[in-house]
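What follows is one structure encoded as structure tokens, with my remarks underneath.
The values are calculated or read from the model by the stated rules, or taken from the named source; none is laboratory data. Since we're looking at a predicted model, the values are computed, not measured. Note: ideal-geometry Cβ built from the backbone for every residue, glycine included; neighbour counts use all protein chains shown.
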Amino acid sequence: MNYNGLDFNTYFRNHPDINGYFGKYGGCYIPDELKKAMDEITEAYLTICKSSKFIGELRRIRKEFQGRPTPVSHLERLSNSIGNVQLYVKREDLNHTGAHKLNHCMGEALLAKYMGKKKIIAETGAGQHGVALATAAAYFGLECDIYMGAVDIKKQAPNVARMKILGANVVEVTDGLQTLKEAVDAAFAAYSKEYKECIYCIGSALGPHPFPLMVRDFQSVVGIEAKEQFREMTGELPDAVVACVGGGSNAMGMFAAFLNEPVDIYGVEPLGRGPKLGDHAASLTFGTEGIMHGFNSIMLKDENGEPAPVYSVASGLDYPSSGPEHAYLRDLGRIKYDVVDDEETIDAFFKLSRMEGIIPAIESSHAVAYAMKLAKEMNRGSILINLSGRGDKDMDYIIEKYGIR
Ligand SMILES: Cc1ncc(COP(=O)(O)O)c(C=O)c1O
């Protein structure tokens, strides 16, 4: 399929390019010493991803340990309550540990093992990536340090307990707003001291090359499975696919399989309390080009050009930028990015729980909220939503802040 002059038949062969660029976005903007460590990871990944032993081992893990394939469910009652459009969800909430994050963590940890590393480190926002990485570390017998903002530690207490039970060392970050961006800063600082023994397993499709490539590849199992399952269920492709976008891993995983198909693709960002800077984390909607955490992308900046403070009810979407491939596909017009606010999100959280018996993560509730709005506009057809995770981690917070609705 050709889209605005780009041939999507050959897209994955050329994106990213050899230096990790998607158009002008991406790259590897880190100190020379760390650059060597990244080159080592790139070389190891590009070798291992073609090895039948690695692919076979990952397939076995996905089936026997993660419980893949996760199903696609038809949301019949919710769809009927809206109108004629049929809504479907890809159930990453049923992936082991309750979110899509384990898809790339098992791949990253297997790579660490292959490279002879003893330790894996990462940041986490909602705690899902931290739990997933702690799980992978336990599975492969690796040490694991997880950096997490003090605000998120309080908000996501069940996930903090899970990481500790799994044997990970949770490092509290008390700088700045004490959320995801500061956790990434702290994890990077630690990595620059420890890169010989460990690898930094970035929690999303962002960071310096090769992480946007690697995380997309590991997550693409979501879209590949979902496309096949949807065809089996309905005999056709969905008219639209929808996923929430924080750093962009669950969205890229779902979207990759549909880029070369006649399907509308929507990435949903958090509008939080509203469009004023500081009240949201909708970087692709309101941001401008800039470099942060080792990559060039679209980001939200303050008056000094520094990453702006951001807010979202969802800790996992609370980040001032998004992965470079999203920025590229946004500019190209292949993916449309739009927003929903906290209120719409919480409404969707309760609707999916009450009408379908599925308690979604607050992050995923953004995608559900947007799909519900889109369904009203479309009038007919079908929408496939990536339900990136389950909401157990959010229940205490929701009840305390919003009560039972
Ligand atoms: C359930 C869930 N969905 C989505 C996200 C957002 O991350 P990404 O945009 O990388 O999928 C997170 C992040 O923690 C998450 O926990």
Could you tell me whether any residue of the range 11-22 is in a loop (DSSP other than H, G, I, E, B), exposed (fewer than 15 other Cβ atoms within 10 Å of the Cβ) and in contact with a helix residue (DSSP H, G or I) (Cβ under 6 Å, 6 or more places away or on another chain)? no
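Can you tell me which residues in the range 354-405 are of a type in the set (Gly, Ala, Ser) and either within 15 Å of the ligand (Cβ to nearest atom) or modelled with pLDDT under 95 (or both)? Write out each step before concluding.
Kept after step one, since they are of a type in the set (Gly, Ala, Ser), are these residues of the range 354-405: 357, 361, 364-365, 367, 369, 371, 375, 381-382, 388-389, 391, 403.
Across the range 354-405, the qualifying residues are 361, 364, 365, 367, 369, 371, 388, 389, 391.
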Within the range 246-267, work out how many residues are in contact with a Phe, Trp or Tyr (Cβ under 7 Å, 6 or more places away or on another chain) and buried (at least 24 other Cβ atoms within 10 Å of the Cβ). 3
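Considering every residue within the range 74-81, establish whether at least one is among the small types (Gly, Ala, Ser), surrounded by 19 or more Cβ atoms within 10 Å (Cβ to Cβ) and in the same structural domain as residue 354 (by TED's automatic domain parsing).
The initial filter retains those residues of the range 74-81 that are among the small types (Gly, Ala, Ser), namely 79, 81.
So of that shortlist, the ones also surrounded by 19 or more Cβ atoms within 10 Å (Cβ to Cβ) come out as 79.
Subset that is in the same structural domain as residue 354 (by TED's automatic domain parsing): 79.
Yes, the conditions are met somewhere in the range 74-81.
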Looking at the range 133-144, which of its residues are surrounded by 24 or more Cβ atoms within 10 Å (Cβ to Cβ), free of Cβ contacts under 8 Å to residues at least 60 places away in the same chain and under 19 Å from residue 186 (Cβ atoms)? 134, 137, 144
Specify the residue that is surrounded by the fewest Cβ atoms within 10 Å (Cβ to Cβ); the eligible residues are those in the range 229-245 that are more than 18 Å from residue 126 (Cβ to Cβ) and among the β-branched types (Val, Ile, Thr). 234
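So how many residues does the range 82-110 have that are closer than 26 Å to residue 135 by Cα, more than 13 Å from the ligand (Cβ to nearest atom) and buried (at least 24 other Cβ atoms within 10 Å of the Cβ)? Don't jump to the end; show me each part of the working.
Step one: list which residues in the range 82-110 are closer than 26 Å to residue 135 by Cα, which gives 89-110.
Now narrow it down to the ones that are more than 13 Å from the ligand (Cβ to nearest atom): 96, 106-110.
Now narrow it down to the ones that are buried (at least 24 other Cβ atoms within 10 Å of the Cβ): 106-109.
Going through the range 82-110 one residue at a time, the tally reaches 4.
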For the subset of the range 268-286 comprising residues that are part of a loop (DSSP other than H, G, I, E, B) and crowded, with 21+ Cβ neighbours inside 10 Å, which member is farthest from the ligand (Cβ to nearest atom)? 280
